[in-house]
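Down below is the structure, laid out as structure tokens.
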Amino acid sequence: MLNIQFTIQQDQTTIEDLLRNQWQAGKKTVHQLRMEKAVTDLSGEPLDWRLPLEAGTKLVIHFSDAQSTYTKEKIDTVKILFEDEHLLAAYKPAGIAVHPDKADTGGTFMNAIMDHVSQNDGYYAEHIHRLDKGTAGIVLVAKHPIAKALFDRMIEERKITRMYEAEVEGRLNRVKGTLQYPIGRDRHHPTRRRVSPNGQDAITRFKVLERLEQSTKVEATLETGRTHQIRVHFAHIGHPVVGDTLYGASETPDSQYRLTAKQVSFVHPFTSESITIE
């Protein structure tokens, strides 16, 4: 069984209000927790969901069936950058997938995360967002189902800021700018995306960090999170990410493209702290 502790932040908060309104945990999750009397005090005594609680009151939430199915695998290049009871952030190197697909059950970022979580007697880990296999950088991972639901909603509501650093071919003339082009599937290729009038809205803001002889280093911030968004947008304006052969760039000696998720910022939904992870 997975157990997490939470300290009430505001006076007169009920468990009902915390789960339904503040966390918007979802009807199914709330119903299951209620039926199982899964919210207790530190001694394990079930608490009255309608009773107003004082700030500082400690709760324990018990999840009877919260278990992820990733196999455990130690991968030394996956590094933990931040961790608390609710989530962790870790560095994913370029060249490994975030999670297994149907053809591959191992060697991924989530296999390494499951190995880490299990060392601390954990059973649950689910990624909140993804990076392309060739993109290095920070990935956020929820450590229990309520955290997963809250962070998923924060992604949808654009409350998590993700900043990338990329090296693109050629010399960008603009010092900074906004790329706002809708992105859809390329019907001529199984994985490639393209700018399409019928695609999903996609917004990338960028500023130049350094101009090199044949390329430009940029900082790019996502306002939306479409598949291959930065790669598609810069290729569309004639400056594909260096090494990104899928979008027309020349191959690099190591066959990797130059794109890294460098920074993630958000207000922690459980502690209200401003968190920046680099």
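Sparse packing (at most 11 other Cβ atoms within 10 Å of the Cβ) combined with a DSSP loop state is found for the following GluC sites (Glu not before Pro) in region 178-223: GLU213.
Taking loop as defined by DSSP and a crowding limit of 12 other beta carbons within 10 Å, which GluC sites (Glu not before Pro) in region 3-62 fit? Spell out each step's value before the answer.
Numbers: sites: GLU16, GLU36, GLU54; in loops: GLU36, GLU54.
Answer in residue order: GLU54.
Report the Cα centroid-to-centroid distance between region 111-140 and region 154-208 in angstrom, as an integer. Their Cα centres are 24 Å away from one another.
What do you get for Rg/Rh of region 143-271 when both radii come from the Cα atoms and Rh is the Kirkwood radius? Working shown, then result.
Details: Rg = 15.8 Å, Rh = 15.7 Å.
For region 143-271, the value is 1.01.
Residues whose amide H lies under 5 Å from that of LEU87, counting only those 5 or more places away or on a different chain, are LYS143; hydrogens are built 1.01 Å from N in the peptide plane.
Given the pairs LYS72/LYS148; LYS27/LYS58; LYS58/LYS133; LYS27/LYS74; LYS58/LYS102; LYS74/LYS148, which are separated by over 32 angstrom at their Cα positions?
LYS58/LYS133; LYS27/LYS74; LYS58/LYS102
On the principal axes of its alpha carbon atoms, region 98-140 extends 31, 24, 14 Å, with the longest extent given first.
How large, in Å, is region 16-158 by the Kirkwood hydrodynamic radius built from its alpha-carbon pairs? Working shown, then result.
Working: mean 1/r = 0.0603 Å⁻¹.
Hydrodynamic radius (Kirkwood, Cα pairs) of region 16-158 is 16.6 Å.
The C-alpha atoms of region 207-278 occupy a region whose extents along the principal axes are 46, 25, 24 Å, arranged from largest to smallest.
Per-atom-type breakdown for region 33-75 gives carbon and sulfur 49% of the accessible area (1.4 Å probe, protein chains only). Expressed as a fraction of 2.2 N^0.38 Å, the C-alpha radius of gyration for the chain is 1.14.
Name the shape class, rounded, prolate or oblate, that the alpha-carbon gyration tensor gives for region 107-213, where a ≥ b ≥ c are the square roots of its eigenvalues, rounded holds for a/c under 1.5, and otherwise prolate holds if a/b is larger than b/c and oblate otherwise. Numbers along the way, then the final one.
Working: a/c = 2.00, a/b = 1.72, b/c = 1.16.
Prolate is the answer for region 107-213, as a/c is 1.5 or above and a/b outweighs b/c.
Taking amide H positions as modeled 1.01 Å from N, with prolines and chain starts lacking one, the residues under 5 Å from GLY134 and 5 or more places away or on another chain are GLY95. Largest GNM mean-square fluctuation among LYS143, LYS207, LYS92, using the chain with Cα springs under 10 Å: LYS207. For the chain, the relative contact order works out to 15 percent when only alpha carbon pairs closer than 8 Å and six or more residues apart are counted. Here the 3J(HN,Hα) profile of region 4-18, calculated from phi with Karplus coefficients 6.51, -1.76 and 1.60 at θ = phi - 60°, is 10, 9, 9, 9, 4, 8, 10, 4, 6, 8, 9, 4, 4, 5, 4 Hz, Gly and Pro shown as x. Expressed as a fraction of 2.2 N^0.38 Å, the value expected for a compact globular protein of N residues, the C-alpha radius of gyration of region 197-245 is 1.19.
Taking Cβ atoms as reference points and 12 Å as the exclusive limit, the residues near HIS268 contribute a net charge of -2, counting Lys and Arg as +1 and Asp and Glu as -1.
What is the sum of charges, Lys and Arg at +1 and Asp and Glu at -1, for the other residues whose Cβ falls under 11 Å from the Cβ of GLN229?
Numbers: positive: ARG162, ARG193, ARG226, ARG231; negative: ASP132, ASP201, GLU223.
Value of the local net charge: +1.
In region 83-144, Cα pairs under 8 Å separated by at least six residues give a relative contact order of 46 percent. On region 130-241, 41 percent of the accessible area sits on carbon and sulfur atoms, based on a 1.4 Å probe. Each residue was assigned an accessible area with a 1.4 Å probe, and for ARG130 the value is about 150 Å². Of the GluC sites (Glu not before Pro) in region 145-209, the ones in a loop by DSSP (not H, G, I, E or B) with at most 10 other beta carbons within 10 Å are GLU157.
Of the residues ALA94, ALA136, PHE151, the one whose Cα sits farthest toward the positive end of the charge dipole of region 91-171, with +1 on the Cβ of Lys and Arg and -1 on the Cβ of Asp and Glu, is PHE151.
Counting only other residues whose beta carbon sits under 12 Å from that of TRP49, what net charge do I get with K and R as +1, D and E as -1? Could you put the intermediate results ahead of the total?
Numbers: positive: ARG20, ARG34, LYS37, ARG50; negative: GLU16, ASP17, ASP48.
Summing Lys and Arg as +1 and Asp and Glu as -1 gives +1.
A simple rule links phi to the HN-Hα coupling: the Karplus curve 6.51 cos²θ - 1.76 cosθ + 1.60 with θ = phi - 60°, which for region 69-75 gives 9, 5, 6, 8, 8, 7, 10 Hz, with x for Gly and Pro. Computed over region 8-67, the P(r) curve from all C-alpha pair distances, binned at 10 Å from the origin, holds 23, 59, 18, 0 percent per bin.
The values are calculated or read from the model by the stated rules, or taken from the named source; none is laboratory data. Predicted, not measured: the structure shown is a model, and the values here were computed from it. With ideal geometry, Cβ positions are generated from the backbone for all residues, glycine too; neighbour counts draw on all protein chains shown. Quick note on the areas: whole protein, heavy atoms, side chains included, nothing else; ligands and nucleic acids left out. Shrake-Rupley method; radii C 1.70, N 1.55, O 1.52, S 1.80 Å.
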